[in-house]
Amino acid sequence: MLSDQDIFQRYLQKRSEFNKPAEVSLIGHSLFDMWADQLQSTPTLKGKSVANLGISGVSTRQYLDVVVNQDRIQYLGQYVFLFLGVNDICKEKEYSPVQVMAWLNTILTKLQKIAPHSRYYLLEATPVNNIGTVTNRQIHELNHYLKSHCPENVIYIPTQTEFCDDKGDLNANYCTDGLHFNQKGYQILQRILEQNL
């Protein structure tokens, strides 16, 4: 598990991305961060520029403590997508869906002070396929709570149906390891995000 110092080091590696003005801001964990590792890198979305502020391995608590509370985000685009929560299940001693929502609300409050006129979106956690650290049942419980407690001024984006196979697992055609997306998975993610721009 990545420590707060590891998360800070990844932030330092991506500092230019954090300082980049863009129309779309991606805030989240590895599923955003690793998009930059694909052949086409993080794409523009509907022709809009993108700042990929994802950090692999980060929990919601870590993103709050290491990035947001330290004022490391100075600029946000008109569209801000948050993709956080799943790493908390296996990393955070204080984990509960209630606690994740509390951390997300604090993040959102601080981000909305930076960019009060931006549109904010919260992506539903995507399923996994036979990994040892998190179960789809845990993910469903988290998603159910986040959806029912998502702030009114934040748009909740469902993802499960797009990524699930007929057993409810992450479709093996869309991932590299049961958790992280391959190019096909990122094509689906791109379509989901673009539908909300």
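Just so you know, all these numbers are worked out from the coordinates, no wet-lab data involved. Predicted model only: the values in this text are computed from it and were never measured. FYI the Cβ positions are ideal-geometry reconstructions off the backbone, even for glycines, and counts take in every protein chain you see.
Points worth noting:
- A cut-off of 5 Å between modelled amide H atoms, ignoring neighbours fewer than 5 places along the same chain, links R119 with Y79, V80.
- Candidates I131, I157, I73: whichever shows maximal mean-square fluctuation once the chain is modelled as a Gaussian network with Cα springs under 10 Å: I131
- Placing unit charges on each Cβ (+1 for Lys and Arg, -1 for Asp and Glu) gives the chain a dipole about its Cα centre, and among P97, Q187, T133 the Cα reaching farthest toward its positive end belongs to Q187.
- Counting every other Cβ atom within 10 Å of each residue's Cβ, C164, C150, C90 order from fewest to most as C90, C164, C150.
- The mean of 1/r over all distinct Cα pairs in the range 152-196, once inverted, gives the Kirkwood hydrodynamic radius of 11.3 Å.
- The magnitude of the dipole of the range 68-147, with charges of +1 and -1 set on the Cβ of Lys/Arg and Asp/Glu and taken from the Cα centre, is near 160 debye.
- Sorted by Cβ density within 10 Å, fewest first, the residues R10, R191, R61: R191, R10, R61
- Working note: Karplus 6.51/-1.76/1.60 with θ = phi - 60° gives the range 103-112 the couplings 5, 4, 4, 5, 4, 4, 4, 5, 5, 5 Hz, where Gly and Pro are set to x.
- Placing +1 on the Cβ of every Lys and Arg and -1 on the Cβ of every Asp and Glu, with no other charges, gives the range 129-179 a dipole of roughly 120 debye about its Cα centre.
- Among S96, S59, a tally of other beta-carbon atoms within 10 Å of each Cβ gives an order, fewest to most, of S96, S59.
- Whole-Å semi-axes of the ellipsoid equivalent to the chain (Cα gyration tensor, √5λ, descending): 23, 19, 17
- Amide hydrogen neighbours beyond the local backbone of C175, cut-off 5 Å, H modeled: N182
- Global geometry of the range 26-81, whether rounded, prolate or oblate, following the gyration tensor of its Cα atoms and the 1.5 cut on a/c: oblate
- Among V68, V86, V100, residue whose mean-square fluctuation peaks in a GNM of the chain (springs only between Cα atoms under 10 Å): V68
- Nonlocal amide H pairs with I157, under 5 Å, H built at 1.01 Å: L122, L123, E124
- Residue with peak Gaussian network fluctuation, the chain [Cα springs, cutoff 10 Å], from K147, K113, K91: K113
- For the range 1-143, size of Cβ-based charge dipole, Lys and Arg +1, Asp and Glu -1, in debye: 360
- Positive dipole terminus of the range 1-74, leading residue within Q70, L26, T44 (C-beta point charges): T44
- The residues packed around F83, meaning those with a beta-carbon under 14 Å from its beta-carbon, carry a net charge of -4 if Lys and Arg are +1 and Asp and Glu are -1.
- Of T159, I7, Y79, farthest towards positive along the dipole that unit charges on Lys, Arg, Asp, Glu beta carbons give the chain: Y79
- Entry note, the chain: relative contact order of 20 percent, from Cα contacts under 8 Å with a spacing of 6+ residues.
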